[in-house]
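Following: one structure in structure tokens, then a few remarks.
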Amino acid sequence: MSPTALSAIIAELESTYDPAWAEPWDAVGLVCGDPAQPVRKILFAVDPVAGVAEEAVAWGADLIVTHHPLFLRGTTTVAADTAKGALIHRLIKHDIALHTAHTNADVADPGVSDALARAVGLTGALRPLRPSSDDPARGLGRVGELAAPTSLGEFAAQAARGLPRTAWGLRVAGDPSRPVRTVAVSGGAGDSLLGTAAAAGVDVFLTADLRHHPAGEFMETGAFAGGPALIDAAHWATEWPWLPQAAEILTSRLAAKGINVETRVSETVTDAWTTTAQCEE
């Protein structure tokens, strides 16, 4: 396999996940790496953390593509006695580049929520929950339908089987026997889309990082207005399905140009929560 310059790989990634689509507060693009360096192996991961770096080193990766940024806020140091500085030193020492596609991948078509929708069993056409103003095919979240109606409890079990396993699994708000057919999903933190999901007329909204007060008020209001049930999954789990999708898109588009690379989806679970405990009776 002949190597290809990192710059050519980044160009293909950015044609798929345009940095211009990212939110103004976001930090996407190339974090470290020489654009002229050769790339043969690309590792896809949700988080740029030490465990992922070690996996990349062990596999001999030349590039890591992550969903979450390493430096979302400003920094004044990459000293090796800090966690993020040590990571940067580790990557540079082994000639491993790091590239981030975050909110620009969230709104892409297909993007993070398309992969999540398929993982939990939505079939047929998908539409954005909150379309982008410049292109209604792109946007945050996705809305679609199950192949056949089911109950909230059965759908939650199906979703749990379709997502990578995490310590806390799924939390469900609503009557488990409630009929479910139309579903909205959003990868990552979905608090900001609660009202949009209610207005969309869906039966259930599956997302991550739902907080007590917004979720509680949402369910109380929905009890009067027939609003959707809620399913709260681990943030990492809702975004992990994007990794194989992104890897497949990149390899196929590069192959169409005569460029061959080897890709791998990280096996490192980077969800912050490692176990749960229940209060005894």
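Checked against the criterion of being at pLDDT 95 or above, open to solvent by less than 10 Å² (accessible area, probe 1.4 Å), in a strand (DSSP E or B) and not aliphatic (A, V, I, L, M), the range 220-228 has no qualifying residue. Residue count for the range 58-73, restricted to those that are under 23 Å from the mean Cα position of the chain (by Cα) and either more than 22 Å from TRP236 (Cβ to Cβ) or of a type in the set (A, V, I, L, M) (or both): 7.
Restrict the check to the range 206-227 and report whether at least one residue is farther than 24 Å from THR103 by Cβ and touching a residue at least 40 places away in the same chain (Cβ under 8 Å). Quick ask: steps written out before the conclusion?
Filtering the range 206-227 down to residues farther than 24 Å from THR103 by Cβ leaves 212-213, 216-217, 219-227.
Narrowing the set further to residues that are touching a residue at least 40 places away in the same chain (Cβ under 8 Å) leaves 219.
Yes, the range 206-227 contains at least one residue that is farther than 24 Å from THR103 by Cβ and touching a residue at least 40 places away in the same chain (Cβ under 8 Å).
Taken over the range 173-205, the criterion of being part of a strand (DSSP E or B), in contact (Cβ under 8 Å) with a residue 60 or more places away in the chain and among the β-branched types (Val, Ile, Thr) is satisfied by VAL183, VAL185. Within the range 49-57, can one find any residue that is within 27 Å of GLY111 (Cα to Cα) and touching a strand residue (DSSP E or B) at 6+ places or on another chain (Cβ under 6 Å)? Within the range 49-57 (the criterion being within 27 Å of GLY111 (Cα to Cα) and touching a strand residue (DSSP E or B) at 6+ places or on another chain (Cβ under 6 Å)), the answer is yes, since at least one residue qualifies. Contact map, the range 27-56: residues that are touching a residue at least 40 places away in the same chain (Cβ under 8 Å) and open to solvent by less than 10 Å² (accessible area, probe 1.4 Å) paired with residues that are of a type outside the set (A, V, I, L, M, F, W, C) and in a strand (DSSP E or B), Cβ distance under 6 Å, separation 6+ or inter-chain. Pairs shown: VAL39/THR4; ILE42/THR263; LEU43/ARG264; ALA45/THR66. Counting only residues that are open to solvent by 10 Å² or more (accessible area, probe 1.4 Å) and outside any helix (DSSP H, G or I), how many does the range 233-249 have? Qualifying residue count for the region: 2.
Filter the range 2-11 for residues that are touching a strand residue (DSSP E or B) at 6+ places or on another chain (Cβ under 7 Å) and surrounded by fewer than 19 Cβ atoms within 10 Å (Cβ to Cβ); which is modelled with the highest pLDDT? First the steps, then the outcome.
In the first step, residues of the range 2-11 are kept if they are touching a strand residue (DSSP E or B) at 6+ places or on another chain (Cβ under 7 Å); the result is 3-6, 9-10.
Okay, now just the ones that are also surrounded by fewer than 19 Cβ atoms within 10 Å (Cβ to Cβ), so 3, 5.
Numbers: PRO3: 79, ALA5: 97.
Checking each candidate, the answer is ALA5.
Let me confirm something: among VAL112, VAL143, which residue is modelled with pLDDT of 95 or more, more than 14 Å from the chain's Cα centre (by Cα) and open to solvent by less than 40 Å² (accessible area, probe 1.4 Å)? Unique residue meeting the criteria: VAL143. The residues in the range 12-26 that are open to solvent by 30 Å² or more (accessible area, probe 1.4 Å) and closer than 17 Å to HIS68 by Cβ can be counted, and the count is 4. Counting only residues that are open to solvent by 60 Å² or more (accessible area, probe 1.4 Å) and within 19 Å of LEU129 (Cα to Cα), the range 159-186 holds 1 of them. Looking at LYS93, LYS84, just one residue is in contact (Cβ under 8 Å) with a residue 12 or more places away in the chain, over 16 Å from ARG264 (Cα atoms), charged (D, E, K, R) and open to solvent by 60 Å² or more (accessible area, probe 1.4 Å), and that residue is LYS84.
The values are calculated or read from the model by the stated rules, or taken from the named source; none is laboratory data. This is a predicted model, so every value here is computed, not measured. Counting neighbours? That spans all protein chains shown, and the Cβs are built from the backbone with ideal geometry, glycine included. Each accessible area value is taken on the protein alone, full model and side chains, heavy atoms only, with ligands, DNA and RNA left out. Shrake-Rupley method; radii C 1.70, N 1.55, O 1.52, S 1.80 Å.
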